[in-house]
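The values are calculated or read from the model by the stated rules, or taken from the named source; none is laboratory data. Treat the numbers as computed from the prediction; the structure is a model and nothing was measured. So basically every Cβ, Gly included, is an ideal-geometry build from the backbone, and we count neighbours across all protein chains shown. For accessibility, only protein heavy atoms count, side chains too; no ligands or nucleic acids. Shrake-Rupley method; radii C 1.70, N 1.55, O 1.52, S 1.80 Å.
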Amino acid sequence: MISALSLAFIASVLIAGLVRHARILDLPNARSSHSVPTPRGGGLGILAGFAIGLAAVEMPSGEAGNTLLAILAAASIGGLIGLLDDLFTLSEK
């Protein structure tokens with residue numbers, strides 16, 4: 001049987017590959033610290049790995065399970081905001 005950690009790693013690598021394939025890039029400008037286009041959206045792979053790893057383990061019942069689901073929901077909201085920023089370069093205002 002494959003472990004939750006292995007599933008999380010595989011999901012993270014696959015999602016990171018998809019993001020690279022979609023060519024979601026940070027193009028250098030005057031404020032950049034890099035000089036070549038750099039892939040964006042790496043956090044999406046981490047979030048997907050976390051979610052799939054969490055789904056692979058038996059969820060505790062009661063308050064502990066609710067806490068894990070709340071953490072996943074909050075991380076998903078943060079990940080969505082990050083992805084939108086990567087795709088559309090949101091303003092800080």
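Remark: spin-label model distance Ile46-Val13 equals 1.9 nm, labels positioned 7 Å along the Cα→Cβ axis. For Gly41, no residue has an amide H sitting under 5 Å from its own, ignoring neighbours fewer than 5 places away on the same chain, with H placed 1.01 Å from N.
Whole-Hz Karplus values for segment 31-36 come out as 9, 6, 9, 10, 10, 10 Hz, taken residue by residue from phi with 6.51 cos²θ - 1.76 cosθ + 1.60 and θ = phi - 60°; glycine and proline positions read x. So what is the relative contact order of the chain, in percent, for Cα pairs below 8 Å that sit 6 or more residues apart? Reported relative contact order: 33 percent.
On the accessible surface of the chain, probed at 1.4 Å, how many percent belong to carbon and sulfur atoms?
So the carbon and sulfur contribution to the accessible surface is 67 percent.
Please identify the trypsin sites (Lys or Arg not before Pro) of segment 1-58 that satisfy two criteria: DSSP loop assignment and at most 10 other Cβ atoms within 10 Å. Which are they? Don't jump to the answer; show the numbers that get you there.
Working: sites: Arg20, Arg23, Arg31, Arg40; in loops: Arg23, Arg31, Arg40.
Sites meeting the loop and neighbour criteria: Arg23, Arg31.
Nearest 10 degrees is fine. How inclined is helix 4-21 to the longest principal axis of the chain, computing both from alpha carbons? On a 0 to 90 degree scale, this one is about 20.
With N the number of residues in the chain, Rg(Cα) / (2.2 N^0.38 Å) evaluates to 1.30. Calculated FRET efficiency, Ser35 and Phe88, Cβ-Cβ r, R0 25 Å, to nearest 0.05? The value I calculate is 0.60.
Computed about its Cα centre, the charge dipole of the chain is approximately 360 debye, with only Lys, Arg, Asp and Glu carrying charge at their Cβ. Peptides 41-52, 2-13 ordered by packing proxy, namely the average of other Cβ atoms within 10 Å per residue, highest first: 41-52, 2-13. Entry comment: accessible area of the chain is 73 Å² per residue, from protein heavy atoms only and a probe of 1.4 Å. Applying a DSSP loop filter and a limit of 16 other Cβ atoms within 10 Å to the GluC sites (Glu not before Pro) in the chain leaves Glu58, Glu92.
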